[in-house]
Amino acid sequence: MKPWVCILMGSDSDASTMSQACDALDEAGVAYQMKVASAHRSPDRTKQIVVDAERDGAAVFIAGAGMAAHLPGVIASFTTKPVIGVPLAGSSLQGLDALLAVVQMPPGIPVASVAIGGARNAGVLASQIVALADPALAARLKEQRAKMAAGVADKSKSVERSTR
């Protein structure tokens, strides 16, 4: 069974941001599944999704949450697989509350965090984790990095100036 990534979010209103993780996983060729499950409104559903995903070969979980951002921590309480939290800007604090909630996990229940709204980087990080056991994926990720570097060099050429 090929490892895959389980992406959860607390509300369908988070889908546009969380789909950026899907885009990164698509580019890397990593399988995923994205669902809505709330730590507060549907805790039993959340637990069942995590248990089922782990049984079915999920290697990494990505969880997007705003405000108190409990979803990543709740997921981490149900699995020992890596969990990446994506703080979402859904409150008057523009996601700072979610960021602090995600990074302040109790000892023994870690959750990795990306930037507020950083779902794309969550997808990249999940790909890197899966690549630890997949040399072909690791090679594809190295190719992506090389293309990014070449893109920077190309952009530099279009703005370079000198008086020398």
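Select from segment 25-52 the residues that are crowded, with 16+ Cβ neighbours inside 10 Å and out of contact with any Leu (no Cβ under 9 Å at 6 or more places or on another chain) and write down the one among them that is nearest to Ala89 (Cα to Cα). Across segment 25-52, the extreme among qualifying residues is Leu25. Across segment 1-13, what is the number of residues that are surrounded by fewer than 24 Cβ atoms within 10 Å (Cβ to Cβ) and within 13 Å of the chain's Cα centre (by Cα)? Qualifying residue count, segment 1-13: 1.
Only one entry in Val114, Val103, Val83 is among the β-branched types (Val, Ile, Thr) and over 17 Å from Ile7 (Cβ atoms), namely Val103. Only residues that are part of a helix (DSSP H, G or I), over 18 Å from the mean Cα position of the chain (by Cα) and hydrophobic (A, V, I, L, M, F, W, C): list them for segment 128-164, please. The answer is Ala136, Ala139, Ala146, Met148, Ala149, Ala150, Val152, Ala153, Val159. Among the residues of segment 81-119, write down those that are surrounded by fewer than 18 Cβ atoms within 10 Å (Cβ to Cβ), among the small types (Gly, Ala, Ser) and either in contact with a Lys or Arg (Cβ under 9 Å, 6 or more places away or on another chain) or farther than 23 Å from Tyr32 by Cβ (or both). Ser91, Ser92, Gly108 - these are the residues of segment 81-119 that are surrounded by fewer than 18 Cβ atoms within 10 Å (Cβ to Cβ), among the small types (Gly, Ala, Ser) and either in contact with a Lys or Arg (Cβ under 9 Å, 6 or more places away or on another chain) or farther than 23 Å from Tyr32 by Cβ (or both). When each of Arg161, Arg140 is tested for being over 19 Å from Ile62 (Cα atoms) and in contact with a helix residue (DSSP H, G or I) (Cβ under 7 Å, 6 or more places away or on another chain), the lone residue that passes is Arg140.
Any read-out appearing in this document is the output of simple, stated calculations on the displayed coordinates, not a laboratory observation. In this text the structure is predicted, and so the values were computed from the model without any measurement. Cβ: placed from backbone, ideal geometry, glycine included. Neighbour counts: every protein chain shown.
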